[in-house]
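A.B. asks: Here you go, one structure.
Here, each number is a calculation from the coordinates, and none is a lab measurement. This one's a predicted model, so the numbers in the text were calculated from it and none came from an experiment. Quick reminder, even Gly has a Cβ in these numbers, built from the backbone with ideal geometry, and neighbours come from all protein chains shown.
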Amino acid sequence: MSYFKFAEGRDTKDLAPGARTRTFWGDNMLLSLVEIDANSLVPLHTHPHEQAGIVVEGEMEMGIAGEVQVLKVGDMYIIPGGVEHYAKGLDRPCKALDVFSPVREEFKY
């Protein structure tokens, strides 16, 4: 078991211009706190990992398998592995907490 104090300075990892994450992981899952600046885009991509998330601040546009929605605080999503998706910040910054399973090794830093 591990504890993490977010305020004590976990470095970020860049995802795309204007988008970054802080990740925390165990043996079988990874948490990713993603920050997306206003009008910034995490471009269309896929990965083999299942991804679930919840918007915790602001709003964002998300496209999953061609279906596009605007998500607000408390809205959740589940993305099966291998499905194309993107996320875009709208008029103000947003934050989302994503969970990946299995652990995305490239997100361990």
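A.B. asks: Go through LYS13/LYS95; LYS13/LYS108; LYS5/LYS88 and tell me which ones have a Cα-Cα distance over 20 Å in this structure.
C.D. replies: Over 20 Å Cα-Cα: LYS5/LYS88.
A.B. asks: Can I ask one more? What distance in nm separates the two pseudo spin-label positions at VAL70 and PHE4, each 7 Å out from Cα along the beta-carbon direction?
C.D. replies: With each label point 7 Å from Cα toward Cβ, the separation is 3.1 nm.
A.B. asks: Now for a separate question. Determine, from the Cβ-Cβ distance of ILE78 and ASN28 and an R0 of 25 Å, the FRET efficiency 1/(1 + (r/R0)^6), rounded to the nearest 0.05.
C.D. replies: Once rounded, the FRET efficiency stands at 0.90.
A.B. asks: While we're looking at this one, here's another question. Rounded to the nearest 20 Debye, what is the dipole magnitude of the chain about its Cα centre when Lys and Arg each give +1 and Asp and Glu each give -1 at the C-beta?
C.D. replies: In debye, rounded to 20, the chain gives about 260.
A.B. asks: Mind jotting down a quarter of the surface of the convex hull over the alpha carbons of the chain, in square nanometres, one decimal?
C.D. replies: Projected over every direction and averaged, the Cα hull of the chain covers 6.6 nm².
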